[in-house]
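**Student:** Provided herewith is a single structure, encoded as structure tokens, for subsequent inquiry.
The values are calculated or read from the model by the stated rules, or taken from the named source; none is laboratory data. The structure displayed is predicted, hence computed values, not measured ones. Heads up, the Cβs are rebuilt from the backbone with ideal geometry, glycines too, and the neighbour counts pull from every protein chain shown.
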Number of protein chains: 2
Amino acid sequence: MTLDEDLADGGPAALRRARAWLSRAVEPGTIDFWRFVDSVGPVMAVRRIRSGQAPDRIRALVGARAEQDESLADLRRAERCGARLVVPEDDEWPALALHALTLAVSEEPQDHANQSDRTLAPVPPLALWVRGPARLDELVDRSVAVVGSRASTAYGEHVAGELGHQLGERSWTVVSGGAYGIDAAAHRGALAADASTLAVLACGVDRPYPAAHGALFHRIAETGLLVSEWPPGCAPLRHRFLVRNRLIAGLTRGTVVVEAAARSGAQATAQRARRLGRQVMVVPGPVTSAMSVGCHELLRDAEAGATLVASAAHVIEAVGGIGSDLADPPERPSSPRDGLSDVATRVLDACPVRTGVSPERLATVAGCDVLDVLRVLPALELADLVEWTGTGWRLAPAEGGTGSERRPRAG
Amino acid sequence: MTLDEDLADGGPAALRRARAWLSRAVEPGTIDFWRFVDSVGPVMAVRRIRSGQAPDRIRALVGARAEQDESLADLRRAERCGARLVVPEDDEWPALALHALTLAVSEEPQDHANQSDRTLAPVPPLALWVRGPARLDELVDRSVAVVGSRASTAYGEHVAGELGHQLGERSWTVVSGGAYGIDAAAHRGALAADASTLAVLACGVDRPYPAAHGALFHRIAETGLLVSEWPPGCAPLRHRFLVRNRLIAGLTRGTVVVEAAARSGAQATAQRARRLGRQVMVVPGPVTSAMSVGCHELLRDAEAGATLVASAAHVIEAVGGIGSDLADPPERPSSPRDGLSDVATRVLDACPVRTGVSPERLATVAGCDVLDVLRVLPALELADLVEWTGTGWRLAPAEGGTGSERRPRAG
């Protein structure tokens with residue numbers, strides 16, 4: 001079907017095809033273009049642009065691309081790599097999270113000359129190409145961005161990996177950019193905890209960058225999501241990383257900066273998160289490390305409003321719901337865990353939150369015999385601490401606690 | 001001369017002897033005792049106590065010691081080890097610095113039951129036993145406390161040593177407690193920069209503790225000062241360290257905590273400095289280090305009002321006079337240094353601030369030939385950048401900049 005026939009149909013397919021076309025017409029992050037689409041709707045926006053009836057400024061932004069149409073090819077290319085286009089009209093659209101960007105763009109001046117530069121403008125995406133089995137809105141509901149330098153140190157990677165792992169264990173989604181260094185360590189930490197993680201890319205989801213992270217991206221797309229504003233095939237141009245960064249801040253409840261060099265992008269990242277009303281968290285490091293200088297600059301800057309975090313518990317305390325996600329108090333209240341045997345406690349601690357695992361796997365993680373695991377599992381199930389998913393054992397929702405129920409977003 | 005004869009004399013010697021006696025009569029840090037001495041004066045205080053005419057509470061505090069007198073022996077013991085008693089009536093008394101303690105004690109309740117515990121009470125010293133050539137008031141005028149854990153790591157000792165060295169180079173006095181770990185590293189760093197440093201002890205200045213630091217204390221007493229509220233011969237009892245800590249906070253413009261374990265004394269130290277209106281500064285470290293947990297706790301606690309510092313420049317910016325001690329701006333204004341040859345710059349950088357050194361020493365530090373040093377020194381002297389002290393070369397006051405002139409104390 002041609003684009004014009006498809007649009008004439010008017011249904012959900014028309015909307016999706018219109019937004020696919022729009023996502024290639026103008027670089028994402030362009031305030032005036034987003035406003036035009038927002039005011040007339042995506043189908044009408046495409047029609048007006050292609051018929052030469054759009055305002056001058058919009059026609060100038062689109063240029064010769066008004067006559068081209070790769071939308072059907074893009075949608076098919078996405079399908080071939082297991083991806084789909086998620087649009088604001090879908091249930092899956094992370095409307096709650098992205099509302100902050102909608103608010104922020106409404107505060108930008110009408111006058112183009114005084115608007116924020118496109119690389120920094122707070123403007124919502126027109127559509128998102130996503131690859132992976134998870135639902136986008138569910139994955140970002142309890143999510144934290146963990147970002148930092150590509151030229152990270154062993155210390156930074158260790159901390160990012162631990163944070164990723166512990167956040168994953170507690171059912172928080174780790175969002176990052178899939179880059180070398182801190183990003184990759186955070187994603188890997190989450191994956192090691194059998195948790196879904198989300199990589200926001202600055203290129204097509206069919207050709208994630210860097211290529212050396214092919215295996216990592218493959219693993220992310222198996223349980224989590226690869227997300228991009230750019231259609232399949234798009235290259236990771238330099239400026240696209242800056243445009244992309246606003247999405248990392250916008251999709252999450254807060255951003256943790258793990259390592260950053262002096263005068264690096266860390267300040268800009270923090271400023272964006274803060275402008276969207278999100279938590280800015282910073283991991284300190286040795287003052288002798290050049291890769292912590294940017295972190296310490298942020299913590300010294302009162303206007304940055306950054307909080308020092310030294311553990312996943314600190315992060316969750318900062319972004320979690322009030323009263324539900326506080327860091328462990330010094331004395332824990334009594335719980336069904338009290339009185340468990342040493343082996344039972346270790347088996348319980350070995351149980352994942354989401355995907356059930358075999359008793360053999362539990363024995364390996366808990367460091368005990370399979371027979372011991374089989375012996376304590378019935379008692380743990382009786383105490384409502386673990387449950388059988390049909391394919392494996394995992395923590396029961398009550399024990400998962402804050403991890404199992406949906407909570408209203410903070411901010 | 002007996003104590004009573006000496007007191008009858010009424011002159012400066014009487015004052016000194018009275019305060020020597022008082023310094024042994026009741027443990028320092030006792031609010032009611034300090035108030036009694038403050039209200040009737042030291043000579044009258046001793047007379048009333050010894051004649052049984054002091055208020056009940058004071059008599060109870062002194063007890064059987066009212067009849068003893070070691071004051072002359074203490075003064076002689078001090079003299080034998082090169083020490084002296086500095087009293088509030090002396091020019092050398094650091095009145096400006098200790099004024100904050102006088103203010104703080106005035107806010108304590110009259111009612112003994114509700115006063116702060118003696119180990120934490122903000123009360124000025126009645127007298128100070130000092131050992132070393134420096135003038136106490138001059139040494140503390142531009143001083144910073146550098147404190148931290150005794151069980152420090154190599155990282156903490158390195159940072160404390162660097163801070164001590166760089167503060168010393170810039171004519172700031174490093175004040176600490178002479179303990180193992182961070183304290184010792186800070187003192188040693190200052191000494192390595194040929195700077196005077198000050199150790200506040202919890203025992204007599206004739207038997208500084210720990211004994212293993214004998215050589216360190218000897219070096220401190222050669223150019224700086226050992227200071228104590230306790231008369232010669234007094235042992236370093238456990239509670240005395242806590243009482244002593246208020247003096248470290250009180251004598252300095254700010255306190256830098258370099259390493260501290262979880263729930264260690266760091267919070268108390270910081271709280272005391274803050275209560276006295278002094279800067280609280282904290283050096284971060286790896287979040288993986290148990291010895292930085294207390295530091296990060298302080299930085300996460302908004303009420304502690306602690307500033308993250310990663311360098312001596314940060315410390316000086318926090319405690320220095322406004323406009324005179326800011327950390328280096330990104331672009332330095334033009335100065336007589338501009339246009340110097342590479343060798344001349346290195347020789348200039350090798351010149352110490354206080355004690356002049358030989359051209360041979362300059363050559364070693366600057367890493368160049370003695371002949372080169374002798375060649376550039378006349379030009380540096382002509383440009384008022386260095387001066388000859390009679391025994392060696394050092395930076396001229398103009399170049400020393402903020403290090404050479406006295407400035408009003410901040411706070």
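**Student:** So B:V282 passes all but one of these: (1) at pLDDT below 95; (2) within 14 Å of another protein chain (Cβ to nearest Cβ). Which condition number does it fail?
**Tutor:** Of (1) at pLDDT below 95; (2) within 14 Å of another protein chain (Cβ to nearest Cβ), only one is false for B:V282: (1).
**Student:** Here's another thing I want to ask about it. Can you tell me which condition B:D56 does not meet? The list is (1) modelled with pLDDT under 95; (2) touching a helix residue (DSSP H, G or I) at 6+ places or on another chain (Cβ under 7 Å), and all the others hold.
**Tutor:** So the condition that B:D56 fails would be (2).
**Student:** Mind counting the residues in the stretch A:289-302 that are more than 7 Å from chain B (Cβ to nearest Cβ) and either of a type in the set (D, E, K, R) or more than 14 Å from A:V257 (Cα to Cα) (or both)?
**Tutor:** Of the residues in the stretch A:289-302, 5 are more than 7 Å from chain B (Cβ to nearest Cβ) and either of a type in the set (D, E, K, R) or more than 14 Å from A:V257 (Cα to Cα) (or both).
**Student:** Evaluate the following for B:V146: is it under 30 Å from B:P286 (Cβ atoms) and touching a Leu at 6+ places or on another chain (Cβ under 6 Å)?
**Tutor:** Yes.
**Student:** State whether one or more residues within the stretch A:315-334 are at pLDDT below 85 and within 14 Å of A:L395 (Cβ to Cβ).
**Tutor:** no
**Student:** Residue by residue through the stretch B:224-249, note down the ones that are at pLDDT below 95 and not hydrophobic (A, V, I, L, M, F, W, C).
**Tutor:** B:G233, B:P236, B:R238, B:H239, B:R240, B:R244, B:N245, B:R246
**Student:** Still on this structure: Considering only the stretch B:186-209, state which residues are in contact (Cβ under 8 Å) with a residue 40 or more places away in the chain and on the phi < 0 side of the Ramachandran plot.
**Tutor:** B:A186, B:A193, B:A195, B:S196, B:L198, B:V200, B:L201, B:A202, B:G204, B:V205, B:D206
**Student:** In the stretch B:177-195, what residues are surrounded by 24 or more Cβ atoms within 10 Å (Cβ to Cβ) and within 12 Å of B:G224 (Cα to Cα)?
**Tutor:** Scanning the stretch B:177-195 gives B:H187, B:A190, B:A195.
**Student:** Restricting the first residue to the stretch B:80-99 and requiring it to be surrounded by fewer than 16 Cβ atoms within 10 Å (Cβ to Cβ), which pairs with a second residue that is part of a loop (DSSP other than H, G, I, E, B) and of a type in the set (G, A, S) meet a Cβ separation below 8 Å and a spacing of at least six or different chains?
**Tutor:** B:G82/B:G132
**Student:** Pull up the stretch A:303-319, narrow it to residues that are in a loop (DSSP other than H, G, I, E, B) and within 11 Å of chain B (Cβ to nearest Cβ), then point me to the one that is nearest to B:V287 (Cα to Cα).
**Tutor:** Looking at the filtered set, the residue picked out is A:A310.
**Student:** Can I ask one more? Yes or no: the stretch A:63-72 includes at least one residue that is under 30 Å from A:H218 (Cβ atoms) and in a helix (DSSP H, G or I).
**Tutor:** Within the stretch A:63-72, one or more residues are under 30 Å from A:H218 (Cβ atoms) and in a helix (DSSP H, G or I).
**Student:** Any chance you could count how many residues in the stretch B:136-158 are more than 14 Å from chain A (Cβ to nearest Cβ) and either assigned to a strand (DSSP E or B) or closer than 16 Å to B:A312 by Cα (or both)?
**Tutor:** Final tally of qualifying residues: 5.
**Student:** Output yes when any residue across the stretch A:15-38 is surrounded by fewer than 16 Cβ atoms within 10 Å (Cβ to Cβ) and either at pLDDT 90 or above or in contact with an Asp or Glu (Cβ under 9 Å, 6 or more places away or on another chain) (or both), and no when none is.
**Tutor:** Scanning the stretch A:15-38 turns up no residue that is surrounded by fewer than 16 Cβ atoms within 10 Å (Cβ to Cβ) and either at pLDDT 90 or above or in contact with an Asp or Glu (Cβ under 9 Å, 6 or more places away or on another chain) (or both).
**Student:** Can you name the residue in the stretch B:243-279 that is within 14 Å of chain A (Cβ to nearest Cβ) and on the phi < 0 side of the Ramachandran plot and, of all such residues, is surrounded by the fewest Cβ atoms within 10 Å (Cβ to Cβ)?
**Tutor:** Applying the filter and picking the extreme gives B:A262.
**Student:** Which pairs have Cβ atoms under 8 Å, sit 6 or more apart or on different chains, and link a residue in the stretch A:48-62 that is surrounded by 12 or more Cβ atoms within 10 Å (Cβ to Cβ) to one that is among the hydroxyl-bearing types (S, T, Y)?
**Tutor:** Taking only residues 6 or more apart or on different chains, the pairs are A:L61/A:T30.
**Student:** Being touching a Lys or Arg at 6+ places or on another chain (Cβ under 7 Å), crowded, with 22+ Cβ neighbours inside 10 Å, within 18 Å of A:F33 (Cα to Cα) and among the hydrophobic types (A, V, I, L, M, F, W, C), is that true of even one residue in the stretch A:117-136?
**Tutor:** Yes, the stretch A:117-136 contains at least one residue that is touching a Lys or Arg at 6+ places or on another chain (Cβ under 7 Å), crowded, with 22+ Cβ neighbours inside 10 Å, within 18 Å of A:F33 (Cα to Cα) and among the hydrophobic types (A, V, I, L, M, F, W, C).
Yes/no per residue for (1) more than 15 Å from the chain's Cα centre (by Cα); (2) among the basic types (K, R); (3) within 24 Å of B:W93 (Cβ to Cβ):
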site	(1), (2), (3)
B:L225	no, no, yes
B:H239	yes, no, no
B:V256	no, no, no
B:R263	yes, yes, no
B:R275	yes, yes, yes
B:R278	no, yes, yes
B:P286	yes, no, no
